[in-house]
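Colleague: Pasting a structure below so you can have a look.
Read-outs throughout are calculated quantities, based only on the coordinates presented, and are distinct from any laboratory measurement. Please read these numbers as outputs of a predicted model, since none were measured by experiment. Glycine gets a Cβ as well: all are built from the backbone with ideal geometry, and neighbour counts include every protein chain shown.
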Amino acid sequence: MKSVIAIKRKMKTGIATLAICLMAAGSGSLYAQEISADHIKSARAAMEATGATDRLDGILPEVATFVKAGLIANRPDIESEINDIVNQVAISLAPRRGPLENEVATIYGNRFTKEELESIQAFFSSETGIKFLTQTPTLFREVDEVSRVWREGIVRDMGAQVQEKLKEAGLQ
C-alpha cells in the first residue's frame, strides 16, 4: 500500500514538473516574438505612466550598500576607500538599467496590444489614474486591515458555533 502511495506521489510530482516545463517552453516563444518599435514606444509610455519600473530604482543602491557593509565589516580601517570604490563600480553599472527597461517593455508588449498599452497610458496619466496610483498603497493597507478584522470575527464565530453544535450533538 505504501508503495502505491509513493508511486502516485511520484506520478503527481512528475506530471506537475512536466506541466511547468511545458509552460516554460511555451512562454519562451512568447518572449521571442518581434514587437514593432511603435509597440515598444507604447509599452514604455504605459510603463512610465504606471511607474512600473520605479521599484527597480533601488536595486543598485541596495546592492552597493550591502557590498559596502560586508567589506567594511571585514576591513573597517579602509572604510573611505571601500565607499569610493563601491560608488565608482555602482556608477559604472548604472547603464545596465537601459537593457532592463527594454526587457520590461518587451514583456509589456507581449502581454498587451499597442492599443491596450495606449489605453493604460491614457488612464494612468489622467487625474483619476494618478489618484488611483497614489491611493493604492493606502487602499491596500485599509483593505488588509478590514479583512484581518473580518477574518478574526469569522474565526471567533466559527469556533463558537462549531463548539455549540458539537455540544448539541453530544460530541463534547
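Colleague: Being under 20 Å from the mean Cα position of the chain (by Cα) and either under 14 Å from Ala45 (Cβ atoms) or not acidic (Asp, Glu) (or both) is the filter here; which residues of the stretch 122-144 pass it?
Modeller: Of everything in the stretch 122-144, those that are under 20 Å from the mean Cα position of the chain (by Cα) and either under 14 Å from Ala45 (Cβ atoms) or not acidic (Asp, Glu) (or both) turn out to be Phe124, Phe132, Leu133, Thr134, Gln135, Thr136, Pro137, Thr138, Leu139, Phe140, Arg141, Val143.
Colleague: In the stretch 106-122, is there at least one residue being over 25 Å from Ile35 (Cα atoms) and surrounded by fewer than 14 Cβ atoms within 10 Å (Cβ to Cβ)?
Modeller: no
Colleague: How about the stretch 65-91: which of its residues are polar (S, T, N, Q) and closer than 20 Å to Asp54 by Cα?
Modeller: The answer is Thr65, and nothing else.
Colleague: Shifting gears a bit: Before we move on, is Gln163 among the polar types (S, T, N, Q) and assigned to a helix (DSSP H, G or I)?
Modeller: yes
Colleague: Here is a further query. Within the set of pairs 6+ apart or on separate chains, which have a first residue in the stretch 32-53 that is closer than 26 Å to Pro137 by Cβ, a second that is part of a loop (DSSP other than H, G, I, E, B), and C-beta atoms under 7 Å apart?
Modeller: Listed by first residue and then by second, the contacts come to Met47/Thr53.
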